[in-house]
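Supplied in structure tokens, the structure appears directly below.
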Amino acid sequence: MSTIPLTVIGASKLRAELHEMKTVQRPAVIAAIAEARSHGDLSENAEYEAAKERQGFIEGRIAELENKLSNAQIIDPTLLDANGACVFGATIDLQDMTNDTVVTYQIVGDDEADIKEGKISISSPISRALIGKHAGDIAEVQAPGGIREYEILDVRYV
């Protein structure tokens, strides 16, 4: 399997979620299964079925998180020296050439992306258009409504 790029913060969040799954949610669902078993006939026990389904989800998520973390390539944006180029982990100020609005995005891994926090996935169309560009360059992004142009105002590694 190929490596999965993650920022230091993203890797920390995945580790925290894994810890929560293993130490809180897994024991809770085991207790719920035991409680449901004590109610008797398992063939008609909706509580038991729901708890077993939840257990399957938790175990699947634990395996997924462990796999991602074991294949992660953790990148600290503060240690990058990309000579002002847009790269994974960079924080970029952009000006939309259509309406002159300024937005700030950080290019992060797929699991970290959250547009509300200004974090865009490395595999998103806007990230692909930005990679390798520098401040002052124009990035053309193929959006659902057509091509949008953004001027790169600043590239920071924070």
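The values are calculated or read from the model by the stated rules, or taken from the named source; none is laboratory data. Predicted, not measured: the structure shown is a model, and the values here were computed from it. Neighbour counts run over all protein chains shown; Cβ positions are idealised from the backbone, glycine included.
One residue is enough: does the range 72-90 have a residue meeting the conditions in the same structural domain as ASP137 (by TED's automatic domain parsing), touching an Asp or Glu at 6+ places or on another chain (Cβ under 7 Å), assigned to a loop (DSSP other than H, G, I, E, B) and not β-branched (Val, Ile, Thr)?
No; the residues of the range 72-90 include none that is in the same structural domain as ASP137 (by TED's automatic domain parsing), touching an Asp or Glu at 6+ places or on another chain (Cβ under 7 Å), assigned to a loop (DSSP other than H, G, I, E, B) and not β-branched (Val, Ile, Thr).
Same structure again: From the list LYS133, LYS116, pick out the single residue that is out of contact with any helix residue (DSSP H, G or I) (no Cβ under 8 Å at 6 or more places or on another chain), within 29 Å of LYS68 (Cα to Cα) and part of a loop (DSSP other than H, G, I, E, B).
Details: LYS116 fails: part of a loop (DSSP other than H, G, I, E, B).
After ruling out the rest, the residue left standing is LYS133.
Residue by residue through the range 91-144, note down the ones that are in contact with a Pro (Cβ under 8 Å, 6 or more places away or on another chain) and over 23 Å from GLU17 (Cα atoms).
THR91, VAL141, GLN142, ALA143
Which numbered condition trips up GLY84, out of (1) touching a His at 6+ places or on another chain (Cβ under 6 Å); (2) modelled with pLDDT of 95 or more?
Looking at each condition in turn, GLY84 falls short on (2).
Another question, then. I'd like the residue in the range 91-111 that is among the charged types (D, E, K, R) and part of a loop (DSSP other than H, G, I, E, B) and, out of all such residues, is surrounded by the most Cβ atoms within 10 Å (Cβ to Cβ).
So the first thing to find is which residues in the range 91-111 are among the charged types (D, E, K, R), and the list is 93, 96, 100, 110-111.
Next, only the ones that are part of a loop (DSSP other than H, G, I, E, B) stay: 100, 110-111.
Working: ASP100: 8, ASP110: 14, ASP111: 19.
My answer is ASP111.
Got a sec? Which of GLU64, GLU53 is of a type in the set (D, E, K, R), without any contact (Cβ under 8 Å) to a residue 12 or more places away in the chain and surrounded by 13 or more Cβ atoms within 10 Å (Cβ to Cβ)?
On the way: GLU53 fails: surrounded by 13 or more Cβ atoms within 10 Å (Cβ to Cβ).
That would be GLU64, the only listed residue that is of a type in the set (D, E, K, R), without any contact (Cβ under 8 Å) to a residue 12 or more places away in the chain and surrounded by 13 or more Cβ atoms within 10 Å (Cβ to Cβ).
Could you please find all residues in the range 21-39 being under 23 Å from the mean Cα position of the chain (by Cα) and either modelled with pLDDT under 95 or surrounded by fewer than 14 Cβ atoms within 10 Å (Cβ to Cβ) (or both)? Break it down into steps so the answer makes sense when it comes.
Step one: filter the range 21-39 for residues under 23 Å from the mean Cα position of the chain (by Cα), giving 21-26.
Passing the criteria: THR23, VAL24.
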